[in-house]
Amino acid sequence: MRTNTDGLILKEQNIGEKDKLVTVLTRHNGLLRAFVRGAKGINNRKNSATGMFCYSRLSVYKTKNSYIIDEAQPVEVFFGLREDLRKISLAQYLSQLIQSLANEEEPSEEYLRLLLNSFYFLSKDKYPPEQIKAVTELRAACIAGYMPSLVACEKCGEYETTVMYMDLENGVLYCENCAGSSALFPLEIGIVRALRHIAFSDFEKIYSFKMQESALDDLAYITEKYILSKLQQNFKTLDFYRDVCGIQ
Ligand SMILES: [Zn+2]
């Protein structure tokens, strides 16, 4: 069966001299591992259209055991991502994160839109990398069904206090009067507002907010801790990104 879809290439491996195997996040069929036959020729358009982080229109068919991409037309190659190590290493981590959340054979429109926008803004320097990281991590968690309860204090319903406290494991907030002594993360109210913005806004608005750099670092720290606690997984690409940024 043959389908036409569009997808973002998240991984490529050479298979022999002429073929390759790619992992692609497709709009209609979710995360696919597919063979690209005869992709390795010089000046082969199919090769560049199925290269790492290329977003392409694809013709895919399914055999008994595998998927095969027989045609590919590039739509966007995100040149700007390749400009510096920080951007490319963040793109690699975000790509690995989405690969661990998306499923095969399930429409992945929301994950695809999130990753395409993050790659676009990262490649064009529209927002700081830490902002793009925080938005992608928290919104991906929400798409996956891990939306934290951010509306108000879990115990007394207080909407805002100067500092609020997050229980990462249960994904709930406490105000400063109810926090008690358990191991909670203190968050300045500006961070709480940013988390709410990312989780609750319409998609078109989720990236657009302004914060000081130090607050952005705190935001990206908490979104990272939150998604990692939900997935119970470490990412080598995240360790590498941290090394590149000099984050301990
Ligand atoms: Zn309270």
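Please work out if S214 is within 16 Å of the ligand (Cβ to nearest atom) and either surrounded by fewer than 18 Cβ atoms within 10 Å (Cβ to Cβ) or β-branched (V, I, T) (or both).
no
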*Would you mind telling me which numbered condition in (1) modelled with pLDDT of 95 or more; (2) within 14 Å of the ligand (Cβ to nearest atom); (3) crowded, with 17+ Cβ neighbours inside 10 Å; (4) not in a helix (DSSP H, G or I) A179 fails?*
(1)
*Could you tell me which numbered condition Y146 fails, if it satisfies all but one of (1) within 19 Å of I227 (Cβ to Cβ); (2) outside any loop (DSSP other than H, G, I, E, B); (3) in contact (Cβ under 8 Å) with a residue 40 or more places away in the chain?*
(2)
*Could you pull out every one of the helices (runs of 4 or more DSSP H) wholly within segment 32-135 that has 1 or more residues that are in the same structural domain as L238 (by TED's automatic domain parsing) and crowded, with 21+ Cβ neighbours inside 10 Å?*
85-101, 109-123
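The values are calculated or read from the model by the stated rules, or taken from the named source; none is laboratory data. Given the structure is predicted, the values throughout are model-derived calculations rather than measurements. Please note: Cβ atoms are built from the backbone with ideal geometry, for glycine as well, and neighbour counts cover all protein chains shown.
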